[in-house]
Amino acid sequence: MASSAEIKKIKEISVENYFCKRVRAHGGFATKNNAQLYVGIPDRTFGMLGYMGMAELKRPKGGRLSAAQRMWKKFLDDA
C-alpha cells in the first residue's frame, strides 16, 4: 500500500492513464475532451459495457472542482 507522501505525489495524468487502461481492459473506449472548446468540460468521455459517461479525474489528494466543473457536473447530473 502506498504511503500518504507517495499518494500526494501522484499526478492527474497518471490517474487518467490508469482510468483509460482499465476502461480498455473491459472492452471500452475513453477519449480526451478538449477543454479549450468548453471550459470545465469533464476530462474524458467513455463507453463501456453498453453505457456512456463522462469522467472528471483528479489526483488522489488535493484535487478539487472549479466553478465551471461544478456547473458541468450539475448539467450532466440533471440530463
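Against the conditions (1) touching a residue at least 24 places away in the same chain (Cβ under 8 Å); (2) open to solvent by less than 90 Å² (accessible area, probe 1.4 Å), where does L65 fall short? Just the number, please.
In the conditions (1) touching a residue at least 24 places away in the same chain (Cβ under 8 Å); (2) open to solvent by less than 90 Å² (accessible area, probe 1.4 Å), L65 misses (1) alone.
Looking at (1) of a type in the set (A, V, I, L, M, F, W, C); (2) within 26 Å of D77 (Cβ to Cβ); (3) touching a residue at least 24 places away in the same chain (Cβ under 8 Å), which one does M54 not meet, given that it meets all the others?
(3)
State which residue pairs qualify: first residue of a type outside the set (V, I, T) and inside the range 1-28, second residue assigned to a helix (DSSP H, G or I) in any location, beta carbons under 9 Å apart, and separation of 6 or more residues or different chains.
The qualifying pairs are G28/R22.
Does M71 count as touching a residue at least 12 places away in the same chain (Cβ under 8 Å) and under 17 Å from I13 (Cα atoms)?
no
Test D78 against the criterion of being farther than 29 Å from A5 by Cβ and either open to solvent by less than 50 Å² (accessible area, probe 1.4 Å) or over 15 Å from the mean Cα position of the chain (by Cα) (or both), and give yes or no.
Considered against the rule, which asks whether it is farther than 29 Å from A5 by Cβ and either open to solvent by less than 50 Å² (accessible area, probe 1.4 Å) or over 15 Å from the mean Cα position of the chain (by Cα) (or both), D78 comes out as yes.
The values are calculated or read from the model by the stated rules, or taken from the named source; none is laboratory data. Since we're looking at a predicted model, the values are computed, not measured. For neighbour counting, all protein chains shown are included, and Cβ atoms are generated from backbone atoms with ideal geometry for every residue, glycine included. Heads up: the accessible areas ignore ligands, DNA and RNA and are worked out on the full protein's heavy atoms, side chains in. Shrake-Rupley method; radii C 1.70, N 1.55, O 1.52, S 1.80 Å.
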